[in-house]
Amino acid sequence: MEKDITLQVNGKQHSLRVDPSTPLLYVLRNELELNGPKYGCGHEVCGACMVLLDGVAVPSCRVPVESMEGRKITTLEGLIRPDGTLHPVQRAFVQEQAAQCGYCLNGMVIAAVALLDSNKNPDDAAIRAGMERNLCRCGTQTRIMKAIQRAAKES
Amino acid sequence: MKESAYSPQQSRRKFISSLGCLTIGFSLTGTRWAEATPSPSALALPGSLTIEDRIDAWLEVLADGRVRVFTGKMELGQGIRTAIAQVAAEELELDLTQVEVHLAETGRTPNEGYTAGSGSMEHSAMAVRHAAAAARQQLLGLAAQHWNTRPEQLNLSAGQVRKTGTNQVLSFAQLLNGKQLEGEVKPSVKLKPKSEYRYVGKAIPRTDIERMTRGESVYVQDIRLPGMVHARVVRPPAYRARLEAFDEKNFKVPGLLKTVINGSFVAVVTEQEYQAVQAQQRAREHARWSQPQPLLPSGQDLEAYIITLPTRSQNVKSQGTVSPLDQPDARTLRASYYKPYQMHGSIGPSCAVALYEGNTLHVWTHTQGVYPLRDALAKMLNMDPDKVHLKGVPGSGCYGHNGADDVAADAALVAVAYPGKPVRMQWMREDEHAWEPYGSAMRMEAEARMDNTGRISHWRYALWSDSHSSRPGGNPGNLLAARYLEKPFNPPGSGYAGGAFRNSEPYYAIPNYQIDVHTFEGPLRVSALRSLGAYGNVFAIESFMDELSVKAQKDPLDFRIMHSTDERAIAVMQKLKEMVRPVKTGPNEGIGVAFSRYKNTATYCAVAAKVAVDKATGQVKLQQLWGVIDAGEVINLDGVINQTEGGMVQSASWTLKEEVLFDQQHVSSRDWTSYPIFRYSDVPIVEVAVIPRPHEEPLGAGEAAQGPTAAAVVNAIYRASGKRIRHLPVRAEEVAG
Ligand code: FES
Ligand code: FES
C-alpha cells in the first residue's frame, strides 16, 4: 500500500512513493541515500538516528514517514553550509577529534546543534541533560562535551 | 583477475559515487597478489614482516606519485589508518596527504590475522615502517643510478627525489617508470633516525573524523549497491532450539523475494528495508521451534553455579611454596571476586553486504580478520577460498568479537541462496544483544600472607572462567549460523584458555605464589571482549592489593610501588600520584587507585578514580578518572589518549552498570533498557597522561585501561564508604548503609 508523499529534507522537496508507515530513518537512508542518520536501536533510546525536526532533535527510527509531511527535516548533511564549509558544531567535533568509531556521531552532532540553538551557553549540567538521550559505546562523551563548549564559544 | 561481470561502467560509476569514498569502492577487482611463503631471512624481521616480507605487499607507488599502503588490519575506531599513514610518510618523507591506507582485504592486503590484542602498532605499523624504509632505499638507489651519482647526493621530500644542489627532481612514479617496488625487506634496512621524526609521536588529527561529520559513506552500513536487496535473519527462541516447521504457504508479506530455510537457519529477503524488518517479525509467527533444556537449573545463582561445572584445570605458574596459606592467621587475607557476563554492545548492530555471482562470493564486512573469516566461510559453503573475496569496511566500534563475523555468515548464506544481487544483511538491536558472544562470567579467589613489614610473602590465586575467544579462525563451527544448518558445524569446544588467565599473575615481586585456572563451559555463548580475562583478573588482583594495603596500613600506591621492580611500572604510578596529590575529597568521597601492565608484557597503565557515595541510597557518582599510560613508542599521541579515555569510560560503565541477564530460555538483556550502559549523566571527567618512550617497542593502548579502571572504581567506593565491593556490577544495596 504505497502512497505518494512529499518530504522536505535539507531544504529540498522530495516526492516519494513509499509505504506510509515506513519509519522516517529508512526513507532517509535508502530513498534519499543519506548516510548521516544511523540505525542503532529502533526504539528511540540511543539517538544514533537523530534528525532535526523543525529545529528539534528527534529520533527518526520509529516515526512513520507519512506524519512528516509539511515538517522541516534537517540531517547531518544538511548542516553543511552551501559553500561546503562545516557547521560550527561539526567543526568543533573535528577540532576536538571527538570520535572513535564515530557511529554515534550523527546523533551527537544533531543533539548538540539543537541544544546550542536553545541555549547559547550551556553549563556542564545543561550539556549532559541535553545529550542524555544519546549513547556512545566508545566512551567519547568527554570529548564531545568539550566540542560542544568549543562550538558555544566560537559561534 | 578479470573484473566481475557485475560491474559494467555505469553501475560502477553509480557504485563509486554512492559510496563517495575510495576505501570502500573499487573492491571487485579481485586479487592483487597471491600469498607466498616469506624468505628465510624474514624470521629476523620485526612485526608482520615475518609472514610477508615483500616490499610491494605493503606499499605501492601510484601513477600520480602518491603511495598506497596495505595493512591487513582493520579500522575499529582506534585510528589505525592515520597511524599507519604517519609511519609510512615518515620513512618516505611524504606529506600525509600523499599516503592512502588500504585496510584488510583478501587477495589485496597481507594476511595479518586478527586486529586484536592491541597488536596493530607492534605488527602492522612496524612492518610498514621497515617496508617503507626499504622502499626509500630502493627509490634512492634508482635515482642514484639515473643521475649516475651516489645516494648521499640525493634528497627526499614530498614524494620526490632531488639531486642536491640542483633543480633536478624525479617523482617516485617517474623513478619506477611503470614498474613497482621489488624485492624483500632485509633485516639490515636502515630506518630514519627517531630524532628526525616529523609525524610519529605527534597528535596528528584523524582525517576520517571530518568525513564522519559530513555524513560521508564510512561504514559497511552505508554501502548501497545497484539492485541491492535487504535481508534479516530469524533466530531461534533459544540457543538449542531447532526449527520443527515453517509455514511458508501462509507466510506472505509485501516485497518478499525469498525465504531462505536451511535446517534451522531462517532468513528473509525483501525489496525494501522496512519490508525486511516486518518480514522478520511476521516470520516468527510462522515458525515452530523445539523446546530445549533450560539454560540454568531453575533458581540457580550463576556465580554458585559456574563453580559446580566440570572444569579443565591447569596451573598457570608457581614459584616456591604457598603451604603457609593453609594455616590462616592474622597475617593472611582471603577474598573472592566475581564479574558477570558483559556484552560488547556496539551502538550500530552488525551488518554485512554479500554478493554471489559467477561462482564468486564477495562480502563487505567489519570483521576483525578478513582471512580467517574467509576460510571459515569457504568451509561453511564448501567453496574454494580463492572464490571468496572479503573486503574490510569499518562498522560501529566492536571492542572485540561481536556479531561482525556472524552477520557476514548470515549474509553469505543468503547471497548464495539468492545469487546475482547484493544482499544487505542487517542485524536488529535484539539480534546483537541476544546473540553476540559475551565476555565470560568469572570468579576469582585470592589469598595472601604478609610479613611483619607489610611485604607479601605468599600469594595464591585461582580463577574460574569460560573461554575468551571463539573467533572463527577458519572454523565454521564458530559462526553462529553454521550451527543451525541442515548439515551443522559444531562449535569446536573450549576456545582459547590463555585469554582467561591473561593478567592472572600479579605484576609484583612476590617470592611464593601459585596461580591456577579452571575453565568451564557456561550457559551463554562467549568470546573475546576488550582485554579478555585481564578485566576480571586485574579487577580482583588490584582490589585485593587494596585490601592488603589497608591491612598493612600503607598508602595504596606506595604499597604497590614497594612490590614493584620494573622502573616503568613505578614511573606510571609515581606520575599518577602527582596527578591526584592536589585533589581534595569531601565527606563520603574517596579516591581509589589501581595498576597493571597489560598481559604483563605490554602497556603499563595506572588509574585513579574519585567517587561520591550517597550512604542512604547507595548511589555511586563517579566524578573523575585519571589515567597514566606508557605504551612504549607512541605513534599517534592523540590516538593513545583517545583510546585510553574511551577505555576508562567503557570499563567504568561495565563495572558500575552492566550484567547480561538471561532466563530459562535465553538472554533477556535485549535492548538498552534491559542492559543499561553509561549515559552522559554517568560519565566522569577524564584526564590522561602519556609517558612517551620513543626508543621502546610500540605496544598499543586499546585495552590497557580496562582492568585497572574497574579496580580503581571499587577501591574508591571503599575509601568513600568503607564498603568493599567484590561482586560486579556495583549494586546500590551493597554500597548503602
Ligand atoms: S536508532 Fe533511533 S534512537 Fe536508536
Ligand atoms: S564514537 Fe563509537 S559509539 Fe561513539
**Message:** Which aspartates and glutamates, if any, have their Cα less than 19 Å from the Cα of B:Lys387, not counting same-chain residues under 8 positions apart?
**Reply:** B:Glu3, B:Glu35, B:Glu105, B:Glu357, B:Asp375, B:Asp405, B:Asp410
**Residue mean of other protein chain beta carbons inside 10 Å, B:197-205** = 1
**Complete:** For region A:3-76, averaging the sequence separation of alpha carbon pairs under 8 Å that lie six or more residues apart and dividing by its residue count, the contact order in percent is 37 percent
**Request:** For region A:88-154, report the accessible area per residue in Å² (1.4 Å probe, heavy atoms, rounded to an integer).
**Result:** 32 Å²
**Fill in**
Taking the chain alone as reference and the full protein assembly as comparison, with a 1.4 Å probe on protein heavy atoms only, the residues of region A:11-34 that lose at least 10 Å² of accessible area are A:Asp19, A:Ser21, A:Thr22, A:Pro23, A:Tyr26, A:Arg29, A:Asn30, A:Glu31, A:Glu33
**Request:** Could you tell me what percent of the accessible area of the protein assembly as shown is made up of carbon and sulfur, with a 1.4 Å probe and every protein chain present?
**Result:** 49 percent
**Fill in**
Surpassing 32 Å at the alpha-carbon level, of the pairs A:Lys153/B:Lys391; B:Lys599/B:Lys621; A:Lys146/B:Lys621; B:Lys339/B:Lys615, are A:Lys153/B:Lys391
**Prompt:** If the chain between B:Asp247 and B:Asp64 were fully stretched, how many nm would it gain, using 0.36 nm times the residue separation less the Cα-Cα distance?
**Reply:** 60.0 nm
**Complete:** Once accessible area is computed for A alone, B alone and the pair with a 1.4 Å probe, the total buried surface, to the nearest 100 Å², works out to 4900 Å²
**Item:** Packing rank of B:435-447, B:263-275, where each peptide gets the mean count of other beta carbons within 10 Å, highest leading
**Value:** B:435-447, B:263-275
**Prompt:** What is the spin-label model distance, in nm, from B:Gln153 to A:Met1 if the labels are put 7 Å beyond Cα along the C-beta direction?
**Reply:** 8.4 nm
**Asked** Across peptide A:89-96, how many C-beta atoms of other chains are within 10 Å of each residue C-beta, on average?
**Response** 4
**Prompt:** Between B:Asp329 and A:Ser21, how many nm apart are label points set 7 Å from Cα along the C-beta direction?
**Reply:** 7.6 nm
**Prompt:** What ranking do B:717-728, B:558-569 get when scored by the average of other Cβ atoms within 10 Å per residue, highest first?
**Reply:** B:717-728, B:558-569
**Item:** Relative contact order for chain B, counting Cα pairs under 8 Å that sit 6 or more residues apart, in percent
**Value:** 13 percent
**Request:** Might you list the cysteines of chain A that have no disulfide-compatible partner by the rule of another cysteine's Cβ under 4.7 Å?
**Result:** A:Cys101, A:Cys138
**Message:** Could you tell me the relative contact order of region B:330-408? Use alpha-carbon pairs under 8 Å, at least six residues apart, and round to a whole percent.
**Reply:** 40 percent
**Request:** Quickly rank B:328-337, B:704-713 as a protection proxy: mean count of other C-beta atoms within 10 Å, highest first.
**Result:** B:704-713, B:328-337
**Message:** Run the reach check for B:Lys252 against lysines, Cα to Cα strictly under 25 Å, same-chain hits fewer than 8 apart removed. What comes back?
**Reply:** A:Lys3, B:Lys421
**Fill in**
So for R0 = 25 Å, FRET eff. of B:His695-B:Lys317 from the Cβ-Cβ r, to 0.05, ends up at 0.25
**Message:** Suppose we compare each residue of region B:619-663 in its chain alone and in the full protein complex with a 1.4 Å probe; which ones drop by at least 40 Å² of accessible area?
**Reply:** B:Asp638, B:Asn642, B:Glu645
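The values are calculated or read from the model by the stated rules, or taken from the named source; none is laboratory data. These numbers were taken from a predicted model, which means no experiment stands behind them. Using ideal geometry, Cβ is built from the backbone for each residue, glycine included, and neighbour counts are taken over all protein chains shown. Side chains included, ligands, DNA and RNA excluded: accessible areas come from the protein's heavy atoms. Shrake-Rupley method; radii C 1.70, N 1.55, O 1.52, S 1.80 Å.
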